[in-house]
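Colleague: First, the structure itself, so that you have it in front of you.
The values are calculated or read from the model by the stated rules, or taken from the named source; none is laboratory data. Since this is a predicted model, take the numbers as computed values, not measurements. Positions of Cβ are backbone-derived with ideal geometry, glycine not excepted, and every protein chain shown enters the neighbour counts. Each accessible area value is taken on the protein alone, full model and side chains, heavy atoms only, with ligands, DNA and RNA left out. Shrake-Rupley method; radii C 1.70, N 1.55, O 1.52, S 1.80 Å.
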Amino acid sequence: MNEHRYRWRNRQLREHVAVVDGHVLPTIVLTNATYLNVYMKRWMQAHIWIYEDRIVYVGDKLPEQNDTTEFVDCSDQYLVPGYIEPHVHPFQLYNPHRFAQYASQTGTTTLINDNLVLLFLLETKKAFSLLEDLNDLPVSLYWWSRFDSQSALQDEDTFIKEEQVLSWLEHDAVLQGGELTSWPSVLKDDDRVLHWMQETKRARKPVEGHFPGASVKTLTKMKLLGTDGDHEAMTGEEVFNRLSLGYNVALRYSSIRPDLPQIIKEMNELGIDHYDQIMMTTDGSTPSFYEQGIMDRCIEIALENGISEVEAYRMASFNAAKYFGMEHRIGSIGPGRVAHINFLNAKDEPTPHSVIAKGKWVKRDGQSIDEADTFDWSQHEMGPLELDWEMDDKDFQFSLPLGLEMVNDVILKPYPVQVELASNEVSTEDEAFLMLVDRDGKWKVNSMLKGFTTSLGALVSSYSNTGDLVLIGKRKQDMKLAFQRMKELGGGIVLAHDGEIIFELPLHIAGMMSEKPMDQLIEKEKELKKLLSEHGFPFDDPVYTLLFLSSTHLPFIRITPKGIMDVKKKEVLFPAIMR
C-alpha cells in the first residue's frame, strides 16, 4: 500500500516496527549494498530492508530466508537516494503523469510541482482530488502554492482568492509558497501577497523567489520580507551573493537557460566549496531537452566540473529534501524514508540501471516496469477543449500602431508598426499578425509580432501561459484554417501554410497538455521546431515563446488578457477588445 495523503497511518507504523522485530516479513531486502549515507557524507555497506513503500532497516542484520521476501544481491553496485527535482513546471506540453513516468526511468523519483495551470483550470476541491489520484503513482509528487497569475488578467482580483491560497498552503502535498514572480509589487506595496508569504512561513514552509539579475540590496530586502530560496542565479557571482545572504540556491540547467556548466566553473573560481544549501533544477524544460536526462544529467555535469560524487548526489537529493523540511521522508537511504532508491553501475555514472520508487520496481536491469501507464484526466474535468464559438472576418481586423519584436525566445520589445494592416497577408519579411483570444471567446487582443517567422501561413495554439488562444501568421486565411483544425482537435498546436495543415499536435488535456508518452512527444516537438526553423524562426525554444507571450515577469512588453502591456510601468498601452 502506498503512503496515504503523504503520511502513514498508525497501523502501518506498527507493522514497520514489527518488521524490525521479525514478526512481519519485509517485502524486499537489498543485501551487500554499498550505499551513499548522505548524513555521514560517505559510502557505507549494509543490508537494506524495505516493507511496502518504506525503508524500515539499514544495517548488518538479515531476516530469515523465506519465500515471501524478495532478496536482491547488490554486490558490485552503488545505491543512492532517488533524485529530487525541486522546481518542476509539469505542463510544458507534457502532463504531470507522463513526466513523472519518464523521470522515474532516469532516477528522478520526487517532483516538486508548480500549481499555476491547476489554478487556471480547476476549482480548489477538484484540484485536490486530482492531487490525491496522482499520489497513487510510484513517483512522489508534491506542489507549490502560487500567489500570482504571472500575467495581467481581466479578473486579477478574483483569480487567486484568500481562501484559495490558504487552502493550498495547508495541504499536505504543498511544500512551498511561490515562485514569487510578482516580487516588484511586493517590494512596492502588495500587502496581499506579503500576507500570504507570512502565512507560508507560519506553516513552516519556504517561500521561493524569482529574482533574475537582482542586486544584493534587492535580495536583502526580499530576505527581510520572507523569501528563502531562488533558482534565478545566472553566474557564479550571483550564486555567491545568494549563499552569503542565507538563500538556498537551485542551479539551473534548462532549455532556456542551460547555465549549469558555466555556473559551476565560476563557483569553483570563486572558491565556493560548501554545497549544503545548493540544489539543481531543469526548471520546466520543453520535452526534447529531456532526451539527455533530468536530474541524472545535472549530476553528471556537476561531476564533470569537479564537484565530488558525494556532494553532487546530495545536491540532487538530500539538500532539496532538507530545504523543503522533508528529510524525514525523502532524500536519503535510511530507516523511515520512502523507498526511493537508484542502483548505479559506478559512482560516477548517475543514470541508474534499476530504480525502486515507493518500494516498487519501476526499472529493472535497464527495462521499464510501469504499472500506471494511463491516467484518466477526463474524470477531473480536464478532457478535450470544447469551444462553442467561431471566429469571423471581424476578428481579423488589425489597426494597432505598436507591435512586439522578439529579442530572443522569451524577451519582447516594442516596435512601431508601419506595414499595411488592412490586407489579408503580411508582405514584410519578418512580421506576422498576432492575436491573443479568450478561450471562452469574450475578448481579443490584435497586434503584430516581429522576428517569429519569415514565411509561415499560421500557427494556432491553445497552449499558453493563461490558457487562452495564440494565433500567429502571415496570412489570415491560414490562421482561420489552423484555428478551425485546433478546435476540431479539442485543443492543440496547429500549423497551416498555403491552405494546408502541415503540422498538428493534439493537446487533449484541457487544451494545454498531451496524453502522449514523453518519447513520442519529444519527437513531435522536434518536428515542430524543425518546421518553424524552416519558416524562419531564428531561436531555439518556440514552445517557451508561446508560453511566455503573455507573461508579465519578463521584459519589456507583453500581450495579455488586459491588452498590450508595458511590463516595467505596469501600464496597459492598448486594451483588449470585447468580441
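Colleague: Which one of Ala33, Leu121, Gln164 is farthest out on the positive end of the charge dipole of the chain, using unit charges on Cβ (Lys, Arg +1; Asp, Glu -1) and the Cα centre as origin?
Modeller: Of the options given, the answer is Gln164.
Colleague: Among the DSSP beta bridges whose two residues both lie in the stretch 393-578, what percent are antiparallel, rounded to the nearest 5?
Modeller: Working: 42 of 45 bridges.
Percentage antiparallel, nearest 5: 95.
Colleague: Moving on. Show which lysines lie in cross-link reach of Lys516 when reach means a straight Cα distance below 27 angstrom and same-chain residues fewer than eight apart are skipped.
Modeller: Lys125, Lys126, Lys358, Lys360, Lys363, Lys480, Lys487, Lys524, Lys526, Lys529, Lys530
Colleague: Between the helical axis of 295-304 and the dominant principal axis of the chain, each derived from Cα atoms, what acute angle in degrees is found, rounded to the nearest 10?
Modeller: Roughly 80 degrees between the two axes.
Colleague: So the label point goes 7 Å from the Cα of Asn32 along Cα→C-beta, right? Which residues of the stretch 65-100 then have their backbone N under 15 Å from it?
Modeller: 71-79
Colleague: Let me ask something additional. Which number comes out as Rg/Rh for the stretch 67-213 once both Rg and the Kirkwood Rh are worked out on C-alpha atoms?
Modeller: Taking Rh as the inverse mean 1/r over Cα pairs, Rg/Rh reads 1.06.
Colleague: Right, next: Given a 1.4 angstrom probe, I'd like the percentage of the accessible area of the stretch 163-266 that is carbon and sulfur, rounded to a whole number.
Modeller: Percent of accessible area from carbon and sulfur atoms in the stretch 163-266: 51.
Colleague: While we're looking at this one, here's another question. Compute the relative contact order of the stretch 83-325 as a whole-number percentage, counting only Cα pairs closer than 8 Å that sit 6 or more residues apart in sequence.
Modeller: Working: 406 pairs, mean separation 49.2, N = 243.
Taking the mean separation of contacting Cα pairs over the length of the stretch 83-325, I get 20 percent.
Colleague: Counting Lys and Arg as +1 and Asp and Glu as -1, each charge on the Cβ, what is the dipole of the chain about the Cα centre in debye, to the nearest 20? Working shown, then result.
Modeller: On the way: 60 positive and 88 negative charges, 283 e Å.
For this selection, approximately 1360 debye.
Colleague: Please report, for the Cα atoms of the stretch 393-578, the Rg to one decimal and the Dmax as a whole number; what are they, in angstrom?
Modeller: Computed over the Cα atoms of the stretch 393-578, radius of gyration and Dmax are 15.1, 45 Å.
Colleague: I would also like to ask the following. So for the chain, averaging the separation of alpha carbon pairs under 8 Å that are six or more residues apart and normalising by length, what relative contact order in percent results?
Modeller: After rounding, I find 14 percent.
Colleague: Something else: For the stretch 346-418, max minus min Cα coordinate along each principal axis, in Å, sorted largest first?
Modeller: Cα spread of the stretch 346-418 along its principal axes, largest to smallest: 61, 39, 17 Å.
Colleague: While we're looking at this one, here's another question. Over the residues of the stretch 1-65, compute the C-alpha Rg and express it relative to 2.2 N^0.38 Å. Kindly include the intermediate steps, with their values, before the conclusion.
Modeller: On the way: Rg = 12.8 Å, N = 65, 2.2 N^0.38 = 10.7 Å.
Against the empirical 2.2 N^0.38 Å value, I get 1.19 for the stretch 1-65.
Colleague: Let me ask something else about it. Using a Cα-Cα cut-off of under 13 Å, which aspartates and glutamates could be cross-linked to Lys413, ignoring same-chain neighbours fewer than 8 residues away?
Modeller: Within the straight-line cut-off, Lys413 pairs with Glu405, Asp566.
Colleague: Give me the Kirkwood hydrodynamic radius of the stretch 69-135 in Å, from all C-alpha pairs, to one decimal place?
Modeller: Mean inverse Cα-Cα distance, inverted, gives 14.1 Å.
Colleague: Moving on. Each label point is 7 Å from the Cα along the Cα-to-Cβ direction; what then is the distance between the points at Asp60 and Ala203, in nm?
Modeller: Distance between the two pseudo-spin positions: 4.6 nm.
Colleague: While we're here: Could you list, bin by bin from short to long, the percent of Cα-Cα pairs of the stretch 234-350 in 5 Å steps?
Modeller: Reading the bins upward from 0: 2, 11, 21, 24, 21, 14, 6, 1.
Colleague: What is the ratio of the Cα radius of gyration of the stretch 273-402 to 2.2 N^0.38 Å, with N the residue count, to two decimals? Please report the intermediate quantities before stating the final value.
Modeller: Numbers: Rg = 21.8 Å, N = 130, 2.2 N^0.38 = 14.0 Å.
So the Cα radius of gyration is 1.56 times the expected 2.2 N^0.38 Å.
Colleague: Using Cα atoms only, what is the angle between the long axis of helix 518-534 and the major principal axis of the chain, expressed in degrees (0 to 90) to the nearest 10?
Modeller: 30
Colleague: Right, something else. Please list, or write none, the aspartates and glutamates whose alpha carbon is within less than 13 Å of the alpha carbon of Lys217, excluding same-chain residues fewer than 8 places away.
Modeller: By straight Cα distance, Lys217 reaches Glu238.
Colleague: State the label only: which of (1) 51; (2) 23; (3) 27 corresponds to percent of Cα pairs over 40 Å apart computed from the shown model?
Modeller: The listed entry that was calculated here is (3).
Colleague: Translational diffusion coefficient, Stokes-Einstein: compute it for the stretch 144-267 using the Kirkwood radius over C-alpha pairs as Rh, at 37 °C and 0.692 mPa s, and state it as an integer in µm² s⁻¹.
Modeller: Value of D from the Cα-based Kirkwood radius: 216 µm²/s.
Colleague: If you roll a 1.4 Å probe over the heavy atoms of the protein chains, what accessible area per residue do you get for the chain, in Å²?
Modeller: Numbers: 22430 Å² over 579 residues.
Per residue, the chain has 39 Å² of solvent-accessible surface.
Colleague: OK, next. Quick one: Cα centre-to-centre distance for the stretch 497-557 and the stretch 230-261, in angstrom?
Modeller: Spelled out, the Cα-based centre of one part sits 27 Å from the other.
Colleague: Quick one: helix 124-134 against the long Cα principal axis of the chain, what's the angle to the nearest 10°, folded into 0 to 90?
Modeller: Computed tilt is about 50 degrees.
Colleague: I would also like to ask the following. If one computes the Cα centroid of the stretch 149-182 and of the stretch 439-476, what distance in Å separates the two points?
Modeller: Measuring centre to centre over Cα atoms gives 27 Å.
Colleague: Enter the Cα centre distance for the pair the stretch 64-136 and the stretch 368-394, rounded to the nearest angstrom.
Modeller: 21
Colleague: While we're on this one: In debye to the nearest 20, how big a dipole does the stretch 83-325 give about its Cα centre with +1 on each Lys and Arg Cβ and -1 on each Asp and Glu Cβ? Write out the running numbers ahead of the final one.
Modeller: Working: 21 positive and 37 negative charges, 60 e Å.
Using Cβ point charges on Lys, Arg, Asp and Glu, the stretch 83-325 gives about 280 debye.
Colleague: Can you give me the orientation-averaged projected area of the convex hull built on the Cα atoms of the stretch 83-325, in nm²? Provide the component values of the computation, followed by the final result.
Modeller: Details: hull surface 49.1 nm².
For the stretch 83-325, the mean projected area of the Cα convex hull comes to 12.3 nm².
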